[in-house]
Amino acid sequence: MSGAISGIGFPELGQLTAGLTLLKKNFDTLTEQASSGMISNTYAGLNGTASVALSLGPQIDSLTTAQSNIAAARARMMLLIEYLHFIKFALLYATVITHTSYRKRGDSTTA
């Protein structure tokens, strides 16, 4: 189609159409890479960066493990904080009850 149009006297239109086709192909490739998080489905598609991808594998695994450990520790820490809040309010309640019982007996102790 672009050949027919460029034959009418618009040779630049054929070049523009070819450029737009290439631009759309590149845009589709980049969109796929952004959505999947992968540059290529194969190591061959990575060209010179395949060795980098292979060498980063153990480091990525290590970071993933560390992230999981941090999440587990955070969950335990949040549970501990809840327990500490419970203990704090239990002690506060016990203090109030003790203070109130002294007052009811007529003790002159001050808290």
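The values are calculated or read from the model by the stated rules, or taken from the named source; none is laboratory data. Just so you know, these numbers come straight off a predicted model, no measurement behind them. Neighbour counts run over all protein chains shown; Cβ positions are idealised from the backbone, glycine included.
Going by the conditions given, is A75 at pLDDT 85 or above, part of a helix (DSSP H, G or I) and small (G, A, S)? Here the answer is yes, as A75 does meet what is asked. Restricting G14, G7 to residues that are at pLDDT below 75, surrounded by 10 or more Cβ atoms within 10 Å (Cβ to Cβ) and of a type in the set (G, A, S) narrows the list to G7.
Which of the residues spanning region 23-43 are among the small types (G, A, S) and either more than 22 Å from L54 (Cα to Cα) or part of a helix (DSSP H, G or I) (or both)?
A34, S35, S36
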